Structures are given as C-alpha cells and as structure tokens.
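The values are calculated or read from the model by the stated rules, or taken from the named source; none is laboratory data. If you're wondering where the values come from, they're calculated on a predicted model, not measured in any experiment. For neighbour counting, all protein chains shown are included, and Cβ atoms are generated from backbone atoms with ideal geometry for every residue, glycine included.
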Amino acid sequence: MYTGLQRDRNTNGYRPAFFNDKIDVSYNAKPVLAADSAIGIGENPCIQFGFVADQPGALQVVIRDNHGATFGQSLAVGGWMRLIRVACLLAAAAAQVGAAPLRVDQVAPGVYVHIGQHKDVEEGYDGDIANIGFVIGTEAVAVIDTGGSYAVGMALKEALRAITALPVRYVINTHGHPDHVFGNAAFIGAGPPPRFIGHAGLAQAMASRGDAYLRNLKKQLGDAADKSTLIPPGETVRDLRTLDLGGRKLELKAWPDAHTNTDVTVFDAASGTLWTGDLLFVERTPAVDGDVRGWLAAIDALKRVPAAITIPGHGPVTRDKNRALERERAYLAALLQDVRGGIGKGESMTETMETAAAAERGRWQLFDAVNRRNVNLLYPKLEWE
Ligand SMILES: [Zn+2]
C-alpha cells in the first residue's frame with residue numbers, strides 16, 4: 001500500500017514524502033490521538049502511547065504527508081488484548097511511506113544490482129540512471145554506488161533491507177559523478193555509520209564540484225532533491241585495497257585518469273563479478289570527463305580481469321565483458337581520432353561536434369547530446385596538444 005507516495009510524472013515511479021504532517025489515531029472510528037508533526041521519515045520515527053480498548057475492534061492510524069497524501073494502517077484488537085501499547089506502529093507506516101524499494105536483481109549469489117534508465121541529465125532526469133547495488137557477505141554488506149539523490153539512496157536501502165538484516169559496513173563510490181553518489185546520505189541512519197570509501201582524489205573532486213552539482217540537482221529534481229548531500233569518503237583507495245565482508249572479499253582498484261579522475265573498480269572474487277563503475281558503458285553513449293587516452297589504456301587493462309559477470313556503470317549486466325569493452329573502445333577511439341582530425345583540418349568546435357564519431361551514432365543511446373558534450377570537453381584539450 002503506497003498511497004502516501006507521490007507518483008512521479010516522468011518515471012511513473014513513486015516519490016517519497018519527506019515529512020509526516022499530521023497523525024490521527026482512532027478506535028472503532030472514535031478519535032484516540034491527533035497530532036501535528038514534522039517527523040522526517042528518514043529518521044525512522046517511533047511514537048509510543050498507551051491505549052485501553054473498551055471492546056474488540058480496530059485501531060486505525062492515518063498519516064498525512066507533506067505532499068497532502070494520506071497513508072492508513074489498521075491494527076485489529078482482539079477481546080483479550082484490551083490494553084495495547086502502540087510502539088513503532090507509525091514508524092512502520094512511515095517507513096513504507098518513505099520509499100518504495102528500488103527493483104534489484106540478483107546477478108550472482110549475494111550480488112544485487114539495480115539497473116538505471118537511459119535518460120539524459122538534461123531531459124527528464126530523475127536521479128535514477130546509474131547502476132547501483134550491493135554485495136552481501138556472511139557478516140556485512142557493501143553498497144556500491146548509491147544513486148543520484150537521497151530518495152534513490154533510500155529506495156536502494158529499502159531494497160537491501162528487504163533482503164538482509166546484516167549491517168552496511170561499506171559504501172563504495174566508483175567515482176564522483178552525481179548520478180552515483182548523491183544517495184550516500186541515505187545510508188547514515190540510527191546505527192553506526194558505514195565506512196565511505198572512494199578514490200584518493202574523490203574528496204577533493206567532491207569539494208570542488210559539490211556546489212555546482214547540488215545546484216543542478218535542485219534544478220533537475222525540485223523537491224525530489226531534498227536531503228541530497230555529498231558525503232566524501234572517510235577512507236580512500238590509492239592503488240589496491242581489499243575489503244572483507246565475511247566469506248567474501250572485495251578487491252578495489254583505483255585507476256589513473258580515465259572516465260574521470262576518481263575511478264574505482266570493485267571485483268568480487270567469490271562470484272567473479274566485476275563492477276566497473278563508468279569505466280564501462282553499455283548501450284548508453286560513454287561520457288568523457290577525464291582523459292580519453294587514459295580510458296583507452298584502462299579498457300585494455302580491464303580486458304585482462306577474469307570476470308564471469310560484469311556490471312557496467314550504465315546499461316545491462318554482461319557476461320561478455322570484452323566484447324562490451326571493444327564496443328566502447330571503438331567509440332572512444334573514433335571520438336579521439338575525429339576530434340584530432342577536425343582540429344587538423346581547421347574545423348571549428350561546432351563543426352567538429354557534427355562530424356566526430358558520426359559512424360558510431362546508430363550504435364548508442366543519447367548519442368547526440370553526450371557526443372556533443374564529449375567534443376566540447378575534448379576539443380579545447382587537444383587543440384594545444
Ligand atoms: Zn560517470
């Protein structure tokens with residue numbers, strides 16, 4: 001029952017409400033308790049009160065959220081249970097109002113991924129475009145990327161909590177792009193906070209771009225950007241690092257400048273699953289924000305990783321990693337060659353935007369918008385080569 005959620009007109013998905021405005025409790029239609037409140041749903045609120053039932057019946061709780069939507073929950077009270085303590089009833093209701101769980105698929109034992117949609121950041125963006133997920137060990141869970149908003153992070157957490165009660169010990173960010181990191185804050189809750197882990201350069205990258213990213217997010221998402229904030233890593237990966245989840249180890253690797261200057265990959269040896277972050281795009285046009293030559297070198301190195309299953313930063317999970325990497329390599333090589341060629345022929349940047357990597361257009365989604373931005377970034381750099 002998700003009547004307390006708003007349906008998002010872009011995604012047709014549900015959007016969480018952030019505050020419970022009003023709470024009404026009645027018993028057999030007689031008022032018991034009415035309260036105005038501003039309880040943030042992320043705080044997992046718990047209201048306790050005592051109540052003596054004069055006859056068997058039903059206790060009805062109605063919560064109105066800050067979007068004006070209502071959520072109801074009913075608790076049957078038997079003849080023998082006249083005195084009841086209603087504890088956390090509201091919390092349970094609020095948690096459901098808070099976030100419809102994100103759909104996640106188990107791609108290997110204990111490895112869950114949510115596949116983001118191919119939407120451009122400038123049209124209909126909802127914060128849910130990147131692949132994000134988690135790996136479960138015998139003692140703890142590691143979350144790998146958290147989505148593009150607090151709300152998406154909360155929905156991922158709901159999905160995780162429906163599967164395991166183990167603590168989230170690590171939140172790993174594969175790089176600093178907003179669609180992968182703005183959900184971090186959702187994993188700070190009542191218990192001990194997880195350890196946030198990213199590339200040695202990630203904190204600096206977040207600091208320098210954070211304000212602009214947050215401004216954009218508010219413009220793109222409006223109210224749905226509420227509570228989104230950047231949480232920088234408390235621990236970093238400079239080269240290699242191993243995390244132990246109990247019964248399985250994650251091998252993290254930090255890369256030199258490639259897709260960005262903060263790329264980290266995660267390899268789960270137990271299942272042979274490789275999380276590439278945005279070092280691999282499948283279907284969606286690869287977006288350059290780092291160094292194309294470095295990226296081409298990273299692609300060659302990634303081909304040697306013995307992965308049975310590969311989770312790209314965008315697009316479907318693949319069992320044919322090297323073919324996907326080859327496809328990506330073809331695009332990036334064409335982009336590099338054509339931008340160089342355009343500069344060599346004295347073409348302007350605008351002209352080059354129209355022609356660069358044109359042979360690849362039919363093979364990628366969102367090609368025109370992303371390819372243009374790539375040329376915009378690459379052209380000025382290569383002009384001075
Ligand atoms: Zn990215």
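Here are the numbers:
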{"quantity": "Qualifying residues in the range 208-229 (those that are in contact with a strand residue (DSSP E or B) (Cβ under 9 Å, 6 or more places away or on another chain) and not in a loop (DSSP other than H, G, I, E, B)) - the one nearest to the ligand (Cβ to nearest atom)", "calculated": "224"}
{"quantity": "Residues satisfying the stated conditions in the range 233-274, i.e. within 13 Å of the ligand (Cβ to nearest atom), under 22 Å from residue 183 (Cα atoms) and among the hydrophobic types (A, V, I, L, M, F, W, C)", "calculated": "264"}
{"quantity": "Of residues in the range 168-207 being within 16 Å of the ligand (Cβ to nearest atom) and among the polar types (S, T, N, Q), the one surrounded by the most Cβ atoms within 10 Å (Cβ to Cβ)", "calculated": "174"}
{"quantity": "Residue satisfying condition, being among the basic types (Lys, Arg), surrounded by fewer than 15 Cβ atoms within 10 Å (Cβ to Cβ) and in the same structural domain as residue 260 (by TED's automatic domain parsing), within set 293, 340, 284", "calculated": "293"}
{"quantity": "Verdict on residue 318 being surrounded by 17 or more Cβ atoms within 10 Å (Cβ to Cβ), β-branched (Val, Ile, Thr) and within 30 Å of the chain's Cα centre (by Cα)", "calculated": "yes"}
{"quantity": "Tally, over the range 288-309, of residues that are touching a strand residue (DSSP E or B) at 6+ places or on another chain (Cβ under 6 Å) and either modelled with pLDDT under 95 or under 21 Å from residue 370 (Cβ atoms) (or both)", "calculated": "1"}
{"quantity": "Hits in the range 208-248 - residues which are surrounded by fewer than 18 Cβ atoms within 10 Å (Cβ to Cβ) and among the polar types (S, T, N, Q)", "calculated": "208, 216, 229, 242"}
{"quantity": "Test: residue in the range 184-196 that is within 22 Å of residue 160 (Cβ to Cβ), modelled with pLDDT of 95 or more and assigned to a strand (DSSP E or B)", "calculated": "yes"}
{"quantity": "Qualifying residue in the range 157-167 (condition: buried (at least 17 other Cβ atoms within 10 Å of the Cβ), under 18 Å from the mean Cα position of the chain (by Cα) and of a type in the set (Lys, Arg))", "calculated": "yes"}
{"quantity": "Some residue of the range 131-140 being of a type in the set (Asp, Glu) and surrounded by 20 or more Cβ atoms within 10 Å (Cβ to Cβ)", "calculated": "no"}
